[in-house]
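Asks: Below you'll find the structure I mean.
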Amino acid sequence: MSLVSIIMGSDSDHHIMKEASEVLKEFNIPHEIRIVSAHRTPAYMFDFAQNAEQRGIKVIIAGAGGSAHLPGMVASLTSLPVIGVPIKSPSSIIGIDSLLSIVQMPPGVPVATMAINGAKNAGLFACSILATYSNNLSIKIKEFKKQMEQRIMSANENLNRIEFENYQRNMDKEKNK
């Protein structure tokens, strides 16, 4: 049974939205991926949103480009948390129109909005929501963040070593002049 539903308005959005799926796979979160268009399949969208909770879904990640109505429309039809991912698409204005459409929801219809093409963070945010109910998942997220910190600290040490070696070479060159 899926806990997260990743939806998008068109199959052309899949190259972005698959990043959310990859994160959920990394954390072993059962999920589904569907195309649900607010404009081309409105009856399907209504049915999907109104029955998601009954099907066991806990979080919905909705990606949309252009006018980006999908996240807000789904949020208006369910009490589940909806995470919106604005997508830079051929029909959008570098994704800004999609971002503004999703982030400017009216009071009472909240949608958590990620960055343009921010599906990876949407997946991580869904994991964080689910972790409030799962100690094991909470531990996995903490480990993930610790590993991220260690990668940065290691990169910092390498950078400092390279800078020091370059400094030493320059000093040696100056001495040999």
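Asks: Just to be sure, is Ala20 assigned by TED's automatic domain parsing to the domain that holds Ala126 and buried (at least 16 other Cβ atoms within 10 Å of the Cβ)?
Replies: Yes, satisfied.
Asks: Does Asn51 meet the test of being out of contact with any Cys (no Cβ under 8 Å at 6 or more places or on another chain) and on the phi > 0 side of the Ramachandran plot?
Replies: no
Asks: Let me ask another. Across the range 4-39, which residue is farthest from the chain's Cα centre (by Cα) among those that are polar (S, T, N, Q) and farther than 17 Å from Ile116 by Cα?
Replies: Per the stated criteria, the residue is Ser37.
Asks: Next question, about the same structure. When you scan the range 47-60, do you find a residue that is farther than 18 Å from Val4 by Cα, in contact with a strand residue (DSSP E or B) (Cβ under 8 Å, 6 or more places away or on another chain) and among the aliphatic types (A, V, I, L, M), even just one?
Replies: Checked against the condition, which is being farther than 18 Å from Val4 by Cα, in contact with a strand residue (DSSP E or B) (Cβ under 8 Å, 6 or more places away or on another chain) and among the aliphatic types (A, V, I, L, M), the range 47-60 yields no hits at all.
Asks: Checking the conditions here, which among Ser37, Ser10 is touching a strand residue (DSSP E or B) at 6+ places or on another chain (Cβ under 7 Å) and among the small types (Gly, Ala, Ser)?
Replies: Selected residue: Ser10, the only one of Ser37, Ser10 that is touching a strand residue (DSSP E or B) at 6+ places or on another chain (Cβ under 7 Å) and among the small types (Gly, Ala, Ser).
Asks: Now for a different question. With the condition being over 22 Å from Lys18 (Cβ atoms) and within 17 Å of the chain's Cα centre (by Cα), I'd like the helices (runs of 4 or more DSSP H) fully within the range 45-135 carrying at least 3 qualifying residues.
Replies: Helices (runs of 4 or more DSSP H) meeting the threshold: 96-103.
Asks: Give Ser76, Ser134 a once-over and let me know the one that is among the polar types (S, T, N, Q) and under 17 Å from Ser5 (Cβ atoms).
Replies: Step by step, each of Ser76, Ser134 is checked, and only Ser76 is among the polar types (S, T, N, Q) and under 17 Å from Ser5 (Cβ atoms).
Each row is one residue, and each column tells you yes or no for (1) touching a helix residue (DSSP H, G or I) at 6+ places or on another chain (Cβ under 8 Å); (2) over 26 Å from Asp11 (Cα atoms).
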residue: Ser89; (1), (2): yes, no
residue: Leu124; (1), (2): yes, no
residue: Asn135; (1), (2): no, yes
residue: Ser138; (1), (2): yes, yes
residue: Phe164; (1), (2): no, yes
residue: Tyr167; (1), (2): no, yes
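Asks: Residues to consider are Ile60, Ile29, Ile94, Ile6; find the one that is aliphatic (A, V, I, L, M) and at positive phi.
Replies: Just one listed residue meets the conditions, Ile94.
Asks: Take the range 40-64 and flag every residue that is crowded, with 17+ Cβ neighbours inside 10 Å and farther than 11 Å from Ala122 by Cβ.
Replies: Met45, Phe48, Ala49, Ala52, Ile57, Lys58, Ala64
Asks: In the list Gly108, Gly95, which residue meets the criterion of being in the same structural domain as Ser21 (by TED's automatic domain parsing) and in contact with a strand residue (DSSP E or B) (Cβ under 7 Å, 6 or more places away or on another chain)?
Replies: Going through Gly108, Gly95 in turn, the sole match is Gly95.
Asks: Here are Ser98, Ser92, Ser37: which of them is surrounded by 14 or more Cβ atoms within 10 Å (Cβ to Cβ), polar (S, T, N, Q) and under 17 Å from Ser5 (Cβ atoms)?
Replies: Ser37
The values are calculated or read from the model by the stated rules, or taken from the named source; none is laboratory data. None of the values given here were measured: they were computed from a predicted structure. Don't worry about glycine lacking a Cβ; one is built from the backbone with ideal geometry, like all the others, and counts go over all protein chains shown.
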